[in-house]
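The values are calculated or read from the model by the stated rules, or taken from the named source; none is laboratory data. The shown structure was predicted, so the numbers you read here are calculated from the model rather than taken from an experiment. Ideal geometry is used to build each Cβ from the backbone, glycine not excepted, and the neighbour counts take in all protein chains shown. For accessibility, only protein heavy atoms count, side chains too; no ligands or nucleic acids. Shrake-Rupley method; radii C 1.70, N 1.55, O 1.52, S 1.80 Å.
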Amino acid sequence: QVTFFEHDGFRGRSFTTDKPVGDFSRFGFNDRASSVIVRSGRWELCDDARFGGRCVTLRPCRYRSLSSMGLNDRVSSVRPARPAGPRR
């Protein structure tokens, strides 16, 4: 499960999902997320709809600000990250 917040420090409106979301605009949250809490699993956040553009994978943690990742007010889609394959 992952929860996005409109402002840094987990403030403002929030949006929670435990499923892939290909377009945040359907929920009125496109390019609005500034902080995020990843409660379980690894999640891939992308700056374009349908999991396009630049994507970042986050592990369970509380991320007070997405600015340092270059994703503040830029997240447009999210999905559970694929498991890492075997190392060669």
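Key figures for this structure:
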{"item": "Restricting segment 59-88 to residues that are of a type in the set (D, E, K, R), modelled with pLDDT of 95 or more and more than 10 Å from the chain's Cα centre (by Cα), the residue that is surrounded by the fewest Cβ atoms within 10 Å (Cβ to Cβ)", "result": "Arg59"}
{"item": "Residue match in segment 39-47 (condition: of a type in the set (S, T, N, Q) and open to solvent by 40 Å² or more (accessible area, probe 1.4 Å))", "result": "yes"}
{"item": "Test: Ser14 is free of Cβ contacts under 8 Å to residues at least 24 places away in the same chain and assigned to a helix (DSSP H, G or I)", "result": "no"}
{"item": "Lone unmet requirement of (1) touching a helix residue (DSSP H, G or I) at 6+ places or on another chain (Cβ under 6 Å); (2) within 16 Å of Glu6 (Cα to Cα); (3) in a strand (DSSP E or B) for Asn30", "result": "(3)"}
{"item": "Flag for Val56 being among the hydrophobic types (A, V, I, L, M, F, W, C), open to solvent by less than 60 Å² (accessible area, probe 1.4 Å), within 17 Å of Thr3 (Cβ to Cβ) and free of Cβ contacts under 8 Å to residues at least 24 places away in the same chain", "result": "yes"}
